[in-house]
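**Q** Before I ask anything, here is the structure I am working with.
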Amino acid sequence: VANFMQNYGSLRNDSIDYGLDYRLPWKQYGAWRVSADSSHTLKAIRALTPGQASINDIGDTYGGPKWKINSGVYWNSGSWKASALYSYLSAFTSNLSDVNYLAWNQKTPAISKIDTSVGYRFKGGVWGGYGKDLQVNFGISNLLDKAPPFSDTIYSYNPALHSELVFGRTYQLSFKLPL
């Protein structure tokens, strides 16, 4: 039995990515680094069947948000390190292209999230030389305890974009000991 598949559709996504990574020159308060990465979707075109008119999904569920931004501030000094991360997704509309005729067009609001962490490395050991170079880290994800925005799906949120927000604020504690 032969199975022949052929792709008749087409997808096109035009985006511009921006990036910044800068180490601050002043060292008297430790080493500081600032970074930011963003993606700006300019065009999200699809035509899934032959002869179908192209649909511009920019700002819709299929095309994703127009803007996605991830940035961070990182610091370390001696045995200490810390970071603060910020992420942002711009608003978009669900079902803008009328794929689902039974659902209404709903605006999914822009959402942002802040994560923080702090860590310490015991260079000389924790007690009597034991635990040399033990690293202890503590972090908080989704610091402001934001819930994922409602989306007209079976999950009630968009799992492709907002799964990091499902558990609300979370805490992490980790220990790392080199062998």
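The values are calculated or read from the model by the stated rules, or taken from the named source; none is laboratory data. Given the structure is predicted, the values throughout are model-derived calculations rather than measurements. With ideal geometry, Cβ positions are generated from the backbone for all residues, glycine too; neighbour counts draw on all protein chains shown. Quick note on the areas: whole protein, heavy atoms, side chains included, nothing else; ligands and nucleic acids left out. Shrake-Rupley method; radii C 1.70, N 1.55, O 1.52, S 1.80 Å.
**Q** For segment 1-29, give me the residue count where each residue is surrounded by 10 or more Cβ atoms within 10 Å (Cβ to Cβ), at pLDDT below 90 and aromatic (F, W, Y).
**A** Total satisfying the criteria: 1.
**Q** The conditions are (1) part of a strand (DSSP E or B); (2) touching an Asp or Glu at 6+ places or on another chain (Cβ under 7 Å); (3) modelled with pLDDT under 95; (4) open to solvent by less than 70 Å² (accessible area, probe 1.4 Å), and K43 fails exactly one of them. Which is it?
**A** Only one criterion in (1) part of a strand (DSSP E or B); (2) touching an Asp or Glu at 6+ places or on another chain (Cβ under 7 Å); (3) modelled with pLDDT under 95; (4) open to solvent by less than 70 Å² (accessible area, probe 1.4 Å) is unmet by K43, namely (4).
**Q** In addition: Which of the numbered conditions does D37 fail, given that it passes all the others? Conditions: (1) crowded, with 16+ Cβ neighbours inside 10 Å; (2) of a type in the set (D, E); (3) modelled with pLDDT of 80 or more.
**A** Unmet for D37, out of (1) crowded, with 16+ Cβ neighbours inside 10 Å; (2) of a type in the set (D, E); (3) modelled with pLDDT of 80 or more: (1).
**Q** Right, next: Scan segment 17-46 residue by residue and report those that are farther than 15 Å from I69 by Cα, among the aliphatic types (A, V, I, L, M) and in contact with a Leu (Cβ under 9 Å, 6 or more places away or on another chain).
**A** Scanning segment 17-46 gives A31, A44, I45.
**Q** Report every pair of residues separated by at least 6 positions or lying on different chains whose Cβ atoms are under 8 Å apart, first residue within segment 138-150 and within 26 Å of T93 (Cα to Cα), second open to solvent by 70 Å² or more (accessible area, probe 1.4 Å) and among the acidic types (D, E).
**A** Within 8 Å, the pairs are N142/E164.
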